[in-house]
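> The following block contains the structure, expressed as structure tokens.
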2 protein chains.
Amino acid sequence: MRREWITLNAAITAAASAVGGKEADGPLGDLFDLRDGSDRFGKDTWEDAESEMQRLAFNVALSKRGVRDVDVGALFAGDLLNQCVGSSYGLLAFDTPFVGLYGACSTAAESLMLASLFVTHDIFPLCGAVTSSHYCSAERQFRTPVEYGAQRSPTAQWTVTGAGAFLTERAVRGGAHAVVTRAQIGRAIDMGVKDASNMGAAMAPAAADTLKRFFEGCGSRPEDYSLIVTGDLGFEGSAILGDLMRAEGYPLGARYTDCGCLIYERVRQDVHGGGSGCGCSATVLASHLLPKLCAGEWDRILFLGTGAMMSPDSLKQGKGIAGIAHLLEIVSPRYFKEKEENEWTS
Amino acid sequence: MRREWITLNAAITAAASAVGGKEADGPLGDLFDLRDGSDRFGKDTWEDAESEMQRLAFNVALSKRGVRDVDVGALFAGDLLNQCVGSSYGLLAFDTPFVGLYGACSTAAESLMLASLFVTHDIFPLCGAVTSSHYCSAERQFRTPVEYGAQRSPTAQWTVTGAGAFLTERAVRGGAHAVVTRAQIGRAIDMGVKDASNMGAAMAPAAADTLKRFFEGCGSRPEDYSLIVTGDLGFEGSAILGDLMRAEGYPLGARYTDCGCLIYERVRQDVHGGGSGCGCSATVLASHLLPKLCAGEWDRILFLGTGAMMSPDSLKQGKGIAGIAHLLEIVSPRYFKEKEENEWTS
């Protein structure tokens with residue numbers, strides 16, 4: 001059998017997030033770096049607002065690390081808009097080589113995986129990853145403009161208005177940052193779900209596939225991790241993933257959660273299926289998961305970006321929604337130090 | 001100054017192409033692996049036809065090399081359709097980890113760069129890259145459905161109906177395949193061109209930027225290469241690139257050409273500005289450039305994928321068209337062997 005997981009050695013040396021009003025009002029609201037209650041970020045269109053969030057988030061990440069755009073060897077970025085214009089326009093202001101990605105909502109993990117791989121192999125000393133989504137631009141593009149006031153189905157997810165930015169550098173012994181240590185690239189899987197208001201169900205089988213292959217390949221189990229967190233399966237999809245993994249003999253238990261379940265208060269904020277969008281997993285990772293890893297609250301987590309690879313046109317043409325999930329293993333600075341010391345003494 | 005180019009060591013061990021009728025009727029017609037004069041590839045929609053071309057091209061590449069989909073560690077793929085559904089549906093049939101990319105028409109070079117990088121650093125022994133475009137799906141999405149019979153402007157380019165697939169493996173001494181030896185990631189550049197019927201003008205400054213930075217960084221000059229070929233600047237854009245590079249002190253001369261100028265006969269086939277689309281550079285590389293490199297007709301070439309990072313909506317919102325160009329240096333087996341021997345003896 002081919003070896004499928006990738007060994008990485010990349011510290012996430014800066015992370016930043018910019019979000020809209022609903023996210024600022026949610027349980028993680030105080031943790032985000034930038035918040036704009038109007039969701040507009042000073043721009044005239046929702047699309048420009050999304051681009052502006054990317055620009056702002058990357059700018060904050062650069063200044064947190066005290067580096068400039070010209071120091072970044074390559075910037076991996078993507079979003080949900082047609083032709084990924086959120087990224088291409090949002091990051092135009094920076095003098096940085098640009099690698100455009102499209103993995104739907106899995107792009108947060110995909111971009112961080114490539115940014116980690118490039119520094120692990122010393123291709124560049126410093127790389128960046130930026131992803132975003134915007135509720136209003138996504139609704140207009142994938143369903144109907146928000147102004148139409150369409151009724152939402154119970155399983156419909158709420159696209160997060162937010163952008164997350166990360167900087168990666170080769171991990172050094174005794175560093176203070178969380179470290180990406182392994183990755184597994186997902187396979188596109190289409191189980192025939194055709195309901196664009198139930199993306200969680202479409203993506204859960206892909207997340208189960210990636211997790212199962214990772215556990216089998218590495219010989220590890222859910223119990224080896226402090227936390228297993230998917231990107232945006234939401235309440236519906238994460239329940240399905242729980243069932244699938246139990247059936248596979250890898251019950252995830254209480255250590256499992258989903259960024260789409262963390263970012264909003266389900267009932268008070270009336271979000272139906274929970275949060276979604278690559279801005280969902282990117283901002284939760286930047287604001288909530290990485291700080292807790294650095295604080296030593298968790299030792300080792302699995303972070304899965306989950307994406308639904310469909311277009312509104314493909315659904316009209318009767319196609320199913322193909323899901324994909326890319327996995328990153330991220331460890332705390334303390335865990336990384338102990339692991340390095342064990343490897344040196346053994 | 002940051003080092004910008006990337007050292008690679010990846011043999012392209014298989015290449016395959018599938019094209020439509022107009023491409024089959026062009027000057028390179030006999031060189032493509034698969035041709036369907038109807039442009040439908042047995043499918044009911046143009047979008048499905050595009051996906052089918054990707055599936056067929058990748059299948060041919062696998063069988064040329066005598067390997068299976070499960071042997072491929074990662075597949076890098078993209079296309080021009082919204083949410084890149086050409087790739088995600090086209091490659092669903094394969095049991096291969098999937099990395100979705102979006103670089104507009106530069107995706108052919110972008111995917112081959114990443115597939116080369118992954119094998120150079122022994123992340124996987126075998127990787128793949130697949131890209132496509134389809135005239136009818138692209139016209140419908142970016143301009144108007146072909147059935148409307150819209151008038152084409154003189155600078156409008158003809159999106160190539162075609163898919164190209166490549167397999168990469170770490171280059172070995174004395175191999176029989178062309179070798180990717182260097183790459184340079186492009187920057188997104190927006191010079192304010194807003195005419196969707198003149199993509200060549202929008203992309204040419206990005207190609208000039210990448211070329212100039214590569215020459216400056218490596219200390220090389222146009223004269224060091226047997227051929228410099230851009231992806232799809234077409235007749236208009238390639239003339240602009242020639243002017244820009246002359247002004248920068250790097251005249252490209254007669255060694256410069258463009259895949260969009262090679263794939264059709266300009267007057268007889270009535271293609272106005274020439275060919276475009278990531279299927280353009282991918283199929284010309286697979287069918288024409290790589291075989292000539294392997295035959296020793298050229299020693300060392302620069303292949304630039306060029307892309308226009310805009311969406312129809314962004315144009316309606318008054319944005320410019322951001323261009324990008326990713327560069328690959330590809331050498332003949334003989335050149336690679338001599339270079340390796342020189343490095344061993346020096």
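> Looking only at the range A:39-58, count how many residues are of a type outside the set (A, V, I, L, M, F, W, C), under 20 Å from A:Ser287 (Cβ atoms) and free of Cβ contacts under 8 Å to residues at least 60 places away in the same chain.
First, pick out the residues of the range A:39-58 that are of a type outside the set (A, V, I, L, M, F, W, C): A:39-40, A:42-45, A:47-48, A:50-52, A:54-55.
With under 20 Å from A:Ser287 (Cβ atoms) added as a condition, the list becomes A:39, A:50, A:52, A:54-55.
From the residues that got through so far, the ones that are free of Cβ contacts under 8 Å to residues at least 60 places away in the same chain too are A:52, A:55.
Residues meeting the conditions: 2.
> Could you tell me which of the residues B:Ala49, B:Ala14, B:Ala18 is surrounded by 23 or more Cβ atoms within 10 Å (Cβ to Cβ) and more than 30 Å from A:Gln317 (Cβ to Cβ)? Steps first, answer last, please.
Working: B:Ala49 fails: more than 30 Å from A:Gln317 (Cβ to Cβ); B:Ala18 fails: more than 30 Å from A:Gln317 (Cβ to Cβ).
None of the other options fit; the residue is B:Ala14.
> Further, regarding this structure: Taking the condition of being over 17 Å from B:His177 (Cα atoms), among the aliphatic types (A, V, I, L, M) and out of contact with any strand residue (DSSP E or B) (no Cβ under 6 Å at 6 or more places or on another chain), how many residues in the range B:264-307 meet it?
Number of matching residues: 1.
> Filter the range B:73-86 down to the residues that are within 13 Å of A:Gly186 (Cα to Cα) and not small (Gly, Ala, Ser) and list them by number. Steps first, answer last, please.
To start, the set of residues in the range B:73-86 that are within 13 Å of A:Gly186 (Cα to Cα) comprises B:73-76.
Across the range B:73-86, the qualifying residues are B:Leu75, B:Phe76.
> Can you name the helices (runs of 4 or more DSSP H) wholly within the range A:46-124 that have at least 2 residues being within 16 Å of the chain's Cα centre (by Cα), among the hydrophobic types (A, V, I, L, M, F, W, C) and within 9 Å of chain B (Cβ to nearest Cβ)? Reasoning before the result, please.
On the way: elements: A:46-65, A:85-90, A:107-120.
Output list reads A:107-120.
> A follow-up question, please. Just checking, which of A:Gly231, A:Gly249, A:Gly192, A:Gly253 is in contact with a Gly (Cβ under 6 Å, 6 or more places away or on another chain) and farther than 12 Å from A:Gly305 by Cα?
Numbers: A:Gly231 fails: farther than 12 Å from A:Gly305 by Cα; A:Gly249 fails: in contact with a Gly (Cβ under 6 Å, 6 or more places away or on another chain); A:Gly253 fails: in contact with a Gly (Cβ under 6 Å, 6 or more places away or on another chain).
Result of the check over A:Gly231, A:Gly249, A:Gly192, A:Gly253: A:Gly192.
> Oh, and also: Does B:Tyr335 meet the test of being among the aromatic types (Phe, Trp, Tyr), part of a loop (DSSP other than H, G, I, E, B) and more than 14 Å from chain A (Cβ to nearest Cβ)?
So B:Tyr335 does not fit the description; no.
> Next question. Which residues, taken from the range B:176-185, are of a type in the set (A, V, I, L, M), open to solvent by 10 Å² or more (accessible area, probe 1.4 Å) and within 14 Å of chain A (Cβ to nearest Cβ)?
Step one: of the range B:176-185, the residues of a type in the set (A, V, I, L, M) are B:176, B:178-180, B:183, B:185.
Restricting the remaining residues to those that are open to solvent by 10 Å² or more (accessible area, probe 1.4 Å) gives B:176.
Those that are of a type in the set (A, V, I, L, M), open to solvent by 10 Å² or more (accessible area, probe 1.4 Å) and within 14 Å of chain A (Cβ to nearest Cβ): none in the range B:176-185.
> Follow-up. Among the residues in the range A:157-172, are any within 30 Å of A:Phe124 (Cα to Cα), more than 14 Å from every other protein chain (Cβ to nearest Cβ) and among the hydroxyl-bearing types (Ser, Thr, Tyr)?
Among the residues of the range A:157-172, at least one is within 30 Å of A:Phe124 (Cα to Cα), more than 14 Å from every other protein chain (Cβ to nearest Cβ) and among the hydroxyl-bearing types (Ser, Thr, Tyr), which makes the answer yes.
> Go through the range B:186-202 and give me each residue that's within 14 Å of chain A (Cβ to nearest Cβ) and within 18 Å of the chain's Cα centre (by Cα).
Start the filter on the range B:186-202 by keeping residues that are within 14 Å of chain A (Cβ to nearest Cβ), which leaves B:186-194, B:196, B:199, B:202.
Answer for the range B:186-202, where residues must be within 14 Å of chain A (Cβ to nearest Cβ) and within 18 Å of the chain's Cα centre (by Cα): B:Gly186, B:Arg187, B:Ala188, B:Met199, B:Ala202.
> Sticking with this structure for a sec: If you scan the range A:23-45, which residues turn out to be polar (S, T, N, Q) and within 12 Å of chain B (Cβ to nearest Cβ)? If you could, list the steps in order and put the result at the bottom.
Of the residues in the range A:23-45, the ones polar (S, T, N, Q) are A:38, A:45.
Across the range A:23-45, the qualifying residue is only A:Thr45.
> Also, I was wondering about something else. Please go through the range B:282-324 and give me each residue that is within 12 Å of the chain's Cα centre (by Cα), closer than 23 Å to B:Arg140 by Cβ and of a type outside the set (Gly, Ala, Ser), ordered by number.
Correct list: B:Thr283, B:Thr306.
> Any residue at all in the range A:153-169 that is on the phi > 0 side of the Ramachandran plot and either open to solvent by 10 Å² or more (accessible area, probe 1.4 Å) or assigned to a helix (DSSP H, G or I) (or both)?
No, the range A:153-169 contains no residue that is on the phi > 0 side of the Ramachandran plot and either open to solvent by 10 Å² or more (accessible area, probe 1.4 Å) or assigned to a helix (DSSP H, G or I) (or both).
> If we keep just the residues of the range B:125-152 that are assigned to a strand (DSSP E or B) and of a type in the set (Val, Ile, Thr), which is surrounded by the most Cβ atoms within 10 Å (Cβ to Cβ)? Please lay out each step first, then the result.
Taking the range B:125-152 and keeping what is assigned to a strand (DSSP E or B), we get B:126-133.
Now drop any that are not of a type in the set (Val, Ile, Thr), which leaves B:130-131.
Numbers: B:Val130: 34, B:Thr131: 38.
Filtering first and then ranking leaves B:Thr131.
> Can we say A:Gly279 is more than 12 Å from chain B (Cβ to nearest Cβ), touching a helix residue (DSSP H, G or I) at 6+ places or on another chain (Cβ under 9 Å) and farther than 21 Å from A:Asn9 by Cβ?
Numbers: more than 12 Å from chain B (Cβ to nearest Cβ): yes; touching a helix residue (DSSP H, G or I) at 6+ places or on another chain (Cβ under 9 Å): yes; farther than 21 Å from A:Asn9 by Cβ: yes.
Spelling it out, A:Gly279 is indeed more than 12 Å from chain B (Cβ to nearest Cβ), touching a helix residue (DSSP H, G or I) at 6+ places or on another chain (Cβ under 9 Å) and farther than 21 Å from A:Asn9 by Cβ.
> Something else about it: For the range A:61-102, how many residues are within 19 Å of A:Leu117 (Cβ to Cβ), without any contact (Cβ under 8 Å) to a residue 40 or more places away in the chain and not hydrophobic (A, V, I, L, M, F, W, C)?
4
> Does the range B:28-45 hold any residues that are farther than 10 Å from B:Ala18 by Cα, open to solvent by 60 Å² or more (accessible area, probe 1.4 Å) and outside any helix (DSSP H, G or I), and which are they?
Once the filter is applied, which keeps residues that are farther than 10 Å from B:Ala18 by Cα, open to solvent by 60 Å² or more (accessible area, probe 1.4 Å) and outside any helix (DSSP H, G or I), the range B:28-45 yields B:Gly37, B:Ser38, B:Arg40, B:Gly42, B:Lys43, B:Asp44.
> Do we find that B:Ala49 is within 13 Å of B:Phe166 (Cβ to Cβ) and at pLDDT 95 or above in this structure? First the steps, then the outcome.
Numbers: within 13 Å of B:Phe166 (Cβ to Cβ): no; at pLDDT 95 or above: yes.
Judged against the criteria, B:Ala49 is not a match.
> Continuing with this model, one more query. Here are B:Ser197, B:Ser220, B:Ser238: which of them is of a type in the set (Ser, Thr, Tyr), on the phi < 0 side of the Ramachandran plot and at pLDDT below 95? First the steps, then the outcome.
Numbers: B:Ser220 fails: at pLDDT below 95; B:Ser238 fails: at pLDDT below 95.
Unique residue meeting the criteria: B:Ser197.
The values are calculated or read from the model by the stated rules, or taken from the named source; none is laboratory data. Small disclaimer: the values here were computed from a predicted structure and weren't measured. Ideal geometry is used to build each Cβ from the backbone, glycine not excepted, and the neighbour counts take in all protein chains shown. These area figures cover heavy atoms from the full protein model, side chains too; ligands, DNA and RNA do not enter into them. Shrake-Rupley method; radii C 1.70, N 1.55, O 1.52, S 1.80 Å.
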